[in-house]
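Engineer: My questions all concern the structure below.
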Amino acid sequence: MAVDATRDSLQQITDSLRSYLETLKESGVTGLPGRVVAEIPAPVRALPEQAPAVAPAVPPQPVMKKEEAVAVPIQPQDMFVASQLENVTTLEALRAGIGDCRRCKLSQGRTNIVFGVGNPQAEVMFVGEGPGHDEDLKGEPFVGRAGQLLNDIITKGMKMTREEIYIANVVKCRPPENRNPEPDEVATCQPFLLKQIDIIKPRIIVAWGTFAAQTLLQVKTPISRLRGVWHSYHGVKLMPTFHPAYLLRNPNDKRLVWLDIQAVLREMGRL
Ligand code: URA
């Protein structure tokens, strides 16, 4: 009996491992890194039953030189991405599966993982670029100066509360010196954002700023041209607009963000 149970669980582990390695191979990985687990790109999965209206976000995969490829044990958290994400149905389970993430190099400098906050059934989801200094310390998105402005937009402009919206970022750990997240970091974190969207099922996503909009939509078009019109992200209506940090430096453009937010409110039947 006990021998059968052990054989079954060994078989399950072998199956998961095989499936994980096949997924890596499909995404172009030619070897596993020696020390920096971070460089293993995680597969980007489309949301189920939603034909992407734009090409799915698959940033260029880092190609590892043969001599750098040294076998390392598969990390338990990578097994989670490869084989178990499909079975995750709650934000709590997703957060638990992310664990004390070491999948990419951003983990080296972060204080807290900034998973996301808000209504798990939100009609509208905000996506920013990545945590800054204040967010890293608090473990919550948009709590610094830009976050204060975002709160004003939510409460004064939208006449809603922060708790009614779900707020997350493209990457969940603070990039050093607030630099833009790099392609391998985005690729590693993206399955988690996609899963959050899949669980929350927002009707509308607002992408705040150049980086979030260009990354989600996989385009290089300037935010000034992306904003103000509806796009589609895995079948979800997406409105790009200027980042609140940009608005702090360019307050004259607040009127354009207000136009974008009005479009969102109209779509929600709130205007
Ligand atoms: N800027 C972002 O894009 N996200 C945050 O969480 C904070 C600042």
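The values are calculated or read from the model by the stated rules, or taken from the named source; none is laboratory data. A quick note: this is a predicted structure, and the numbers were derived from the prediction, not measured. Note: accessible area is taken over every heavy atom of the protein model, side chains too, but ligands, DNA and RNA are not part of it. Shrake-Rupley method; radii C 1.70, N 1.55, O 1.52, S 1.80 Å.
Engineer: Please report the accessible area of residue 111 (heavy atoms, 1.4 Å probe, ligands and nucleic acids excluded) in Å², nearest 10.
Structural biologist: 80 Å²
Engineer: Sticking with this structure for a sec: Rounded to a whole number, what is D in µm²/s for the range 96-181 from Stokes-Einstein with the Kirkwood radius over alpha-carbon pairs (20 °C, 1.002 mPa s)?
Structural biologist: For these conditions, the coefficient is 161 µm²/s.
Engineer: With respect to the cross-link table entries 138/195; 105/220; 105/201, which display a Cα-Cα separation exceeding 27 Å?
Structural biologist: The answer is 105/201.
Engineer: Taking a 1.4 Å probe, which of 246, 233 shows the most accessible area, and what order do the others take after it? Don't skip to the end; give the middle numbers.
Structural biologist: Values: 246 65, 233 0 Å².
Putting 246, 233 in descending order of accessible area: 246, 233.
Engineer: While we're looking at this one, here's another question. Under a 5 Å amide H to amide H cut-off, with H placed in plane at 1.01 Å, what residues pair with residue 205 once short-range neighbours are removed?
Structural biologist: Placed amide hydrogens put 125, 237, 238, 239 under 5 Å from residue 205.
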